[in-house]
Amino acid sequence: MNEQAIRFVPFSSRFDRSTFDCGEAPVNSWFRTQAGQADRAGAPRTVLAVRGQEIVGFYSSVVGVMTRDEAAQAFGIGRAKYPLSAILLAQMGVDTREQGKGLGKLLLVHALTAFVEVSKLTGFEVVLVDALTNELCAFYRKMGFTSLEDHPLRLFMTTKNLRATFASAS
């Protein structure tokens with residue numbers, strides 16, 4: 001990565017999103033055209049990774065649920081009595097010029113560490129993420145997520161595991 005430090009900042013329209021390209025058209029489109037509207041509406045919330053005035057990555061999160069069927073797949077039929085409260089890592093992107101340099105891991109650790117802080121004030125049982133590709137799925141698994149049996153690109157991490165793994169990073 002470039003020697004200039006990366007900063008994590010709340011979404012701001014003062015940063016130009018028009019040239020951001022993570023290589024995934026749907027993610028680029030959402031980030032360029034809808035992230036601002038979503039942020040003004042209050043959900044999802046987006047955090048930018050910036051170097052100087054350039055956006056090099058971002059992630060967005062929102063409150064969600066793990067459905068009863070997903071809970072049954074993840075934890076067994078006994079837990080499927082009700083949906084589980086969740087935080088959804090809704091979007092994440094690393095500019096193509098920064099890919100392969102560790103920024104994705106840095107973004108994810110930042111997000112998960114922030115979720116640990118949220119868990120101190122608001123209850124939720126799991127963190128969810130939907131991987132776009134098998135390669136991204138492997139990345140999330142390496143970071144402690146588990147795939148759902150019937151939907152391998154949907155992954156989860158329990159809040160208990162989140163705290164045990166990422167509380168020390170905060």
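The values are calculated or read from the model by the stated rules, or taken from the named source; none is laboratory data. Predicted, not measured: the structure shown is a model, and the values here were computed from it. Note that we place each Cβ from the backbone using ideal geometry, even for glycine, and neighbour counts take in every protein chain shown. All accessible areas refer to the heavy atoms of the entire protein, side chains included, with ligands and DNA or RNA removed. Shrake-Rupley method; radii C 1.70, N 1.55, O 1.52, S 1.80 Å.
Worth pointing out:
- Matching option when the condition is over 20 Å from residue 162 (Cα atoms), open to solvent by less than 70 Å² (accessible area, probe 1.4 Å), in contact with a helix residue (DSSP H, G or I) (Cβ under 8 Å, 6 or more places away or on another chain) and not hydrophobic (A, V, I, L, M, F, W, C), among 52, 36, 42, 23: 23
- Residue that is least open to solvent (accessible area, probe 1.4 Å) [pool: residues in the stretch 127-153 that are closer than 19 Å to residue 64 by Cβ, part of a loop (DSSP other than H, G, I, E, B) and touching a residue at least 60 places away in the same chain (Cβ under 8 Å)]: 148
- Unique match (being touching a helix residue (DSSP H, G or I) at 6+ places or on another chain (Cβ under 9 Å), buried (at least 18 other Cβ atoms within 10 Å of the Cβ) and in a loop (DSSP other than H, G, I, E, B)) among 156, 124: 124
- Evaluation of residue 73 against (1) touching a residue at least 60 places away in the same chain (Cβ under 8 Å); (2) within 27 Å of residue 10 (Cα to Cα) (one fails), failing number: (2)
- For residue 11, the stated conditions hold: it is at pLDDT 95 or above, surrounded by 15 or more Cβ atoms within 10 Å (Cβ to Cβ) and not polar (S, T, N, Q).
- Unique match (being over 18 Å from residue 20 (Cβ atoms) and either under 17 Å from the mean Cα position of the chain (by Cα) or surrounded by fewer than 21 Cβ atoms within 10 Å (Cβ to Cβ) (or both)) among 63, 47, 94: 63
- If you go through the stretch 97-109 and pick out every residue that is within 12 Å of the chain's Cα centre (by Cα) and surrounded by fewer than 19 Cβ atoms within 10 Å (Cβ to Cβ), you end up with 3.
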